[in-house]
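S.K.: Submitted below is the structure of interest, expressed as structure tokens.
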Amino acid sequence: GQQVMQIPQYQHVQEGEDFTTYCNSSTTLSNIQWYKQRPGGHPVFLIQLVKSGEVKKQKRLTFQFGEAKKNSSLHITATQTTDVGTYFCAGGSASNTGKLIFGQGTTLQVKP
Amino acid sequence: EAGVVQSPRYKIIEKKQPVAFWCNPISGHNTLYWYRQNLGQGPELLIRYENEEAVDDSQLPKDRFSAERLKGVDSTLKIQPAELGDSAVYLCASSFLGGPGNTIYFGEGSWLTVV
């Protein structure tokens with residue numbers, strides 16, 4: 001079945017450093033969504049990418065969707081302590097409208 | 001606007017006991033999901049409803065798990081009997097399928113510990 005993999009699983013950075021997490025799907029996706037989960041909290045929607053090669057920015061966060069619609073990345077510039085949490089990508093199945101498969105997440109720790 | 005509401009927030013039960021979780025989705029959302037999240041893992045879909053119909057329950061362990069969504073609004077997820085491995089966070093989520101990209105809104109989760 002469809003699988004979504006994320007790397008790395010954990011990342012520790014010094015405040016001010018950049019951070020990137022990568023997401024790869026075993027199948028072509030209809031869309032990719034990114035969620036952030038703070039410790040003890042629930043996943044919160046960040047953004048959705050739909051088009052091949054799409055790039056979107058939210059302040060210090062840059063999201064990319066690969067040309068083949070099978071991979072994506074999230075890049076944070078100049079991390080802050082408020083960026084701490086686990087970032088999940090979730091791939092929308094091209095063959096099953098409405099089904100989202102979540103990656104296992106990348107947990108970001110930021111040292112002040 | 002109220003978000004997805006779940007109860008109870010926390011539950012500790014002994015193995016072999018039953019447990020039930022309740023979810024009230026965002027008003028107007030016709031799609032409801034139950035996910036299970038183990039520590040350090042991403043959410044895993046258990047069941048997805050479109051209105052009253054369960055359209056994807058392929059990952060629901062049907063020998064002990066059951067779910068219902070009467071009248072296409074609230075939903076309950078039941079485990080009977082619970083096993084130690086069922087300890088996890090059970091997340092309910094809802095979306096308006098047909099809206100922009102099927103964005104999923106999660107509730108705060110029901111944290112289950114089976115001892």
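The values are calculated or read from the model by the stated rules, or taken from the named source; none is laboratory data. Model, not experiment: these values are computed from the prediction. Quick reminder, even Gly has a Cβ in these numbers, built from the backbone with ideal geometry, and neighbours come from all protein chains shown. To get the accessible areas, we keep the full protein, side chains included, count just its heavy atoms, and leave off ligands, DNA and RNA. Shrake-Rupley method; radii C 1.70, N 1.55, O 1.52, S 1.80 Å.
S.K.: Output yes when any residue across region B:29-45 is within 12 Å of another protein chain (Cβ to nearest Cβ), among the aliphatic types (A, V, I, L, M) and in contact with a helix residue (DSSP H, G or I) (Cβ under 9 Å, 6 or more places away or on another chain), and no when none is.
M.R.: Yes - at least one qualifying residue is present in region B:29-45.
S.K.: Look through region B:91-115, keep the residues that are without any contact (Cβ under 8 Å) to a residue 24 or more places away in the chain and not in a loop (DSSP other than H, G, I, E, B), and return whichever of them is nearest to residue B:15 (Cα to Cα).
M.R.: Applying the filter and picking the extreme gives B:101.
S.K.: When you scan region B:71-90, do you find a residue that is in a loop (DSSP other than H, G, I, E, B) and within 12 Å of chain A (Cβ to nearest Cβ), even just one?
M.R.: No, the conditions are met nowhere in region B:71-90.
S.K.: Of all residues in region A:68-88, how many are closer than 12 Å to residue A:38 by Cα and of a type in the set (Gly, Ala, Ser)?
M.R.: Total meeting the criteria: 1.
S.K.: Which condition from (1) open to solvent by less than 20 Å² (accessible area, probe 1.4 Å); (2) touching a helix residue (DSSP H, G or I) at 6+ places or on another chain (Cβ under 6 Å) is the one that residue B:13 breaks?
M.R.: Of (1) open to solvent by less than 20 Å² (accessible area, probe 1.4 Å); (2) touching a helix residue (DSSP H, G or I) at 6+ places or on another chain (Cβ under 6 Å), only one is false for residue B:13: (2).
S.K.: Hey, could you check region A:25-81 for residues that are within 30 Å of residue B:10 (Cβ to Cβ), surrounded by fewer than 19 Cβ atoms within 10 Å (Cβ to Cβ) and within 14 Å of another protein chain (Cβ to nearest Cβ) and say which is modelled with the lowest pLDDT?
M.R.: The extreme case among them is A:40.
S.K.: Consider residue B:96 against the criteria (1) among the aromatic types (Phe, Trp, Tyr); (2) within 14 Å of the chain's Cα centre (by Cα); (3) open to solvent by 40 Å² or more (accessible area, probe 1.4 Å): it satisfies all of them except one. Which criterion is unmet?
M.R.: Among (1) among the aromatic types (Phe, Trp, Tyr); (2) within 14 Å of the chain's Cα centre (by Cα); (3) open to solvent by 40 Å² or more (accessible area, probe 1.4 Å), residue B:96 violates only (2).
S.K.: Now for a separate question. Which of the residues spanning region B:26-48 are part of a strand (DSSP E or B), touching a residue at least 60 places away in the same chain (Cβ under 8 Å) and aliphatic (A, V, I, L, M)?
M.R.: Of everything in region B:26-48, just one residue is part of a strand (DSSP E or B), touching a residue at least 60 places away in the same chain (Cβ under 8 Å) and aliphatic (A, V, I, L, M), namely B:32.
S.K.: Let me ask you something else. What do you reckon, is residue B:23 in a strand (DSSP E or B), out of contact with any helix residue (DSSP H, G or I) (no Cβ under 9 Å at 6 or more places or on another chain), open to solvent by less than 50 Å² (accessible area, probe 1.4 Å) and more than 11 Å from every other protein chain (Cβ to nearest Cβ)?
M.R.: When the stated conditions are applied, residue B:23 passes them.
S.K.: Something else about it: Across region B:49-70, which residue is most open to solvent (accessible area, probe 1.4 Å) among those that are at pLDDT 95 or above and outside any loop (DSSP other than H, G, I, E, B)?
M.R.: B:68
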